[in-house]
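A.B. asks: Take this structure first; my questions come after.
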Amino acid sequence: MDTIINFQWEIFIVIEIISLISLLLFGVTRYYFDQKKLSRIFILVFLLLLALEAVLAVLIYQSTGEISTFQIVLIIFVLYAVTFGIYDFFKLDRWMRRKIGNWRGMELLTEKDYRVIERNKDPKHVAKVYRNSATIHLIVFVLVQSVFWMIGTDSVEEMFGYLTSWFETGKYEDSPYPNDTLYSIGMLWMIVFVVDFIYSWSYTIFPSK
């Protein structure tokens, strides 16, 4: 277990590299060599590696008894893979079919694929997609942060009292969070949320032409 903890970042990077290679091999074997059964193996490998990342986070937590930056990164990657990552996978799949189809001189995209591609070029549709994702992120962010604050405070009045005062010291003892771990998660998530929210709404405020 000590080896896993000492080389946790290296293990994570290797898993991510193998995961990416698995997705690319899925496209090559499925669309270039027409080996659909073999391509399923690479998707299975990708899913197993995703599960391995989740298991790795749990094992390290059980060993150390605390949530570290590494585990937070793992959680973010896993959550992305099972949410927005699915949408990005379909985009990657269409891209691979278009490229490999051009190499083979054959059409691998369907009419539905072309409709989706054209729709994704529509600035209004893109803005709507990002607005929806930002709204979902906002709801989840508020709900989870509220739970964190409820754990660390004794009343709603105390929670509201922290709204403008807890940023000053940078210590969890002066914040509504119950411990340093949740404080770190909350602060990191807050930064990610603000950046994501501004980026997502930029497509609505400054739509492309």
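The numbers here are math on the coordinates, done by the rules we state, and not lab data. Everything numeric in this text was worked out from a predicted model, so none of it was measured. All Cβ positions, even for glycine, are placed from backbone atoms using ideal geometry, and neighbour counts span all protein chains on display.
A.B. asks: May I ask which residue of Gln71, Ile151, Leu25 lies farthest towards the positive end of the charge dipole of the chain, with charges of +1 (Lys, Arg) and -1 (Asp, Glu) on Cβ and the Cα centre as origin?
C.D. replies: Positive-most Cα among the choices belongs to Leu25.
A.B. asks: Shifting gears a bit: Please report how far the C-alpha centroid of segment 109-145 lies from that of segment 30-79, rounded to the nearest whole angstrom.
C.D. replies: Here the two parts' Cα centres lie 25 Å apart.
A.B. asks: Next question, about the same structure. Of Phe141, Ile191, Phe206, whose Cα points farthest to the positive end of the dipole of the chain (charges on the beta-carbon: +1 Lys, Arg; -1 Asp, Glu; origin at the Cα centre)?
C.D. replies: Checked the options; the winner is Phe206.
A.B. asks: How big is the Rg/Rh ratio for the chain, C-alpha atoms only, Rh by Kirkwood, two decimals?
C.D. replies: Values: Rg = 21.5 Å, Rh = 20.4 Å.
Computed over Cα atoms, the ratio is 1.06.
A.B. asks: To the nearest 500 deg cm²/dmol, what mean residue ellipticity at 222 nm is calculated for the chain from DSSP H runs of n ≥ 4 alone, each contributing -39,500 (n - 2.57), summed and divided by the residues?
C.D. replies: Details: 9 runs with 161 residues, N = 209.
After summing the helix terms and dividing by residue count, I get -26000 deg cm²/dmol.
A.B. asks: Give the angle, between 0 and 90 degrees and rounded to the nearest 10, that separates the Cα long axis of helix 180-205 from the longest principal axis of the Cα atoms of the chain.
C.D. replies: With rounding to tens, the tilt is 50 degrees.
A.B. asks: If you put +1 on each Lys and Arg Cβ and -1 on each Asp and Glu Cβ, how big is the dipole of the chain around its Cα centre, in Debye rounded to 20?
C.D. replies: Details: 19 positive and 21 negative charges, 383 e Å.
Approximately 1840 debye in magnitude.
A.B. asks: Under a point-charge model restricted to the Cβ atoms of Lys and Arg (+1) and Asp and Glu (-1), what is the dipole moment magnitude of segment 81-127 relative to its Cα centre, in debye to the nearest 20? Write out the running numbers ahead of the final one.
C.D. replies: Values: 11 positive and 7 negative charges, 17 e Å.
The calculation lands at about 80 debye.
A.B. asks: Using 7 Å Cα-to-Cβ label points, what is the Glu10/Leu163 separation (nm, one decimal)?
C.D. replies: My value for the distance between the label points is 5.0 nm.
A.B. asks: Stokes-Einstein at 20 °C, 1.002 mPa s, Kirkwood radius from Cα pairs: D for segment 1-76 in µm² s⁻¹? List each step's numbers first, then the result.
C.D. replies: Working: Rh = 13.5 Å.
So the translational diffusion coefficient is about 159 µm²/s.
A.B. asks: Hey, could you grab the Kirkwood Rh for segment 122-209? Inverse mean 1/r over distinct alpha carbon pairs, Å, one decimal. Please report the intermediate quantities before stating the final value.
C.D. replies: Working: mean 1/r = 0.0694 Å⁻¹.
Taking the inverse mean of 1/r over all distinct Cα pairs, segment 122-209 comes out at 14.4 Å.
A.B. asks: Turning to a different aspect of this structure: Please get the size of the charge dipole for segment 122-209, origin at its Cα centre, with Cβ charges of +1 on Lys and Arg and -1 on Asp and Glu, quoted in debye to the nearest 20.
C.D. replies: Values: 5 positive and 9 negative charges, 159 e Å.
It works out to roughly 760 debye.
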